[in-house]
Amino acid sequence: MLHLSYYLKKNMPEGPSIVILKEAVQIFNGKKIIEATGNAKIDKSLLINKKVVFKSWGKHFLICLPGITVRIHLLMFGSYSINSPTKPASSLRLCLKFKNGAIYFYTCSVKLLEEGAAELYDWSADVMSDEWDAVKARKKLKAIRTTAACDALLDQQIFSGVGNIIKNEVLYRIMVHPESVIGKIPLHILSLLINEARLYSFDFLKWKKAFELKKHWLAYTKKTCMRCNLPFIKKYCGKTKRRTFFCTNCQLLYI
């Protein structure tokens, strides 16, 4: 029987990590829940004997049942395991048991939504979805012209799934200063930002699966710019105040 545990350290999980979770639980896709336990404050009886379909939208893991959706957000220190418990019962938010195994979720947010996922989520905003729409992303960016690039990339209604690591890496790769104002960025550079947000997310997924994500970081947590051999600036930028690493020499500031 498959055993898998996964713990997300220090960084809130980004879209690719939730895709990995979705892929890991496909052995239960279409199966009936025979038992639901844990200390999440939801009516777990509503889940029993319901067949599940698993989806992801950005940083949300979705357990889809007829007419309702359970949303899992792993927050900063969430984890999960498959088939065997790995954490104390006090941290177990939700356990779903099936005839062929079980999923355990720890130290996370669990919400029961009284609608189907199709009514709740716009997959055209999810950078890892087949329905991702770059044209819609551009239109949404035009509506927030005074927003800093570092905040725009973290806007989940535009770039669902993009988190702080992806934000840093995208801005470094396209050589844009994180405090650049969206409305001042040239259109061809804005296109690079939109496209790289999706492309880097799939690179993130590939590297994460190969357990080599960190070795590909060019900016995040780095001290020196590999292009300029100058010290990186570390700053809590924008309204989101998330850790940002950038080079003031090669990352152009558009204001």
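Here is how the numbers come out for the structure above:
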{"quantity": "Matching option when the condition is crowded, with 20+ Cβ neighbours inside 10 Å and over 20 Å from the mean Cα position of the chain (by Cα), among Val176, Val162", "calculated": "Val176"}
{"quantity": "Subset of the stretch 222-248 (residues that are among the polar types (S, T, N, Q), farther than 23 Å from Asp126 by Cβ and surrounded by 13 or more Cβ atoms within 10 Å (Cβ to Cβ))", "calculated": "Thr244, Thr248"}
{"quantity": "For Leu190: the one exception among (1) within 24 Å of Ile20 (Cα to Cα); (2) aliphatic (A, V, I, L, M); (3) in a helix (DSSP H, G or I); (4) free of Cβ contacts under 8 Å to residues at least 60 places away in the same chain", "calculated": "(1)"}
{"quantity": "Residue check for Tyr80: touching a helix residue (DSSP H, G or I) at 6+ places or on another chain (Cβ under 7 Å) and crowded, with 21+ Cβ neighbours inside 10 Å", "calculated": "yes"}
{"quantity": "Yes/no for Leu8 being at pLDDT below 95 and exposed (fewer than 15 other Cβ atoms within 10 Å of the Cβ)", "calculated": "no"}
{"quantity": "Flag for Tyr236 being aromatic (Phe, Trp, Tyr), under 21 Å from Met128 (Cβ atoms) and either touching a residue at least 60 places away in the same chain (Cβ under 8 Å) or not assigned by TED's automatic domain parsing to the domain that holds Gly58 (or both)", "calculated": "no"}
{"quantity": "Hey, Thr221 of a type in the set (Ser, Thr, Tyr), under 26 Å from Arg145 (Cβ atoms) and in the same structural domain as Thr147 (by TED's automatic domain parsing) or not", "calculated": "no"}
{"quantity": "Matching residues in the stretch 84-141 - criterion: being in a helix (DSSP H, G or I), over 19 Å from the mean Cα position of the chain (by Cα) and under 19 Å from Lys51 (Cα atoms)", "calculated": "Glu119"}
{"quantity": "Residue in the stretch 34-52 that is under 28 Å from Ser201 (Cα atoms), at pLDDT 95 or above and in a strand (DSSP E or B) present", "calculated": "no"}
{"quantity": "Close pairs (6 angstrom Cβ cut-off, 6 or more residues apart or separate chains): assigned by TED's automatic domain parsing to the domain that holds Phe159 and over 13 Å from Val162 (Cα atoms) in the stretch 118-134, charged (D, E, K, R) and at pLDDT below 95 anywhere", "calculated": "none"}
{"quantity": "Scope the stretch 117-144; condition touching a Lys or Arg at 6+ places or on another chain (Cβ under 8 Å) and over 13 Å from Gly58 (Cβ atoms); matching residues", "calculated": "Ala134"}
{"quantity": "Subset of the stretch 11-36 [surrounded by fewer than 20 Cβ atoms within 10 Å (Cβ to Cβ) and free of Cβ contacts under 8 Å to residues at least 60 places away in the same chain]", "calculated": "Lys22, Glu23, Ala24, Gln26, Asn29, Gly30"}
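The values are calculated or read from the model by the stated rules, or taken from the named source; none is laboratory data. None of these values were measured; they are calculated from a predicted model. Because the Cβ atoms are built from the backbone with ideal geometry, glycine has one as well, and the counts that use them run over all protein chains shown.
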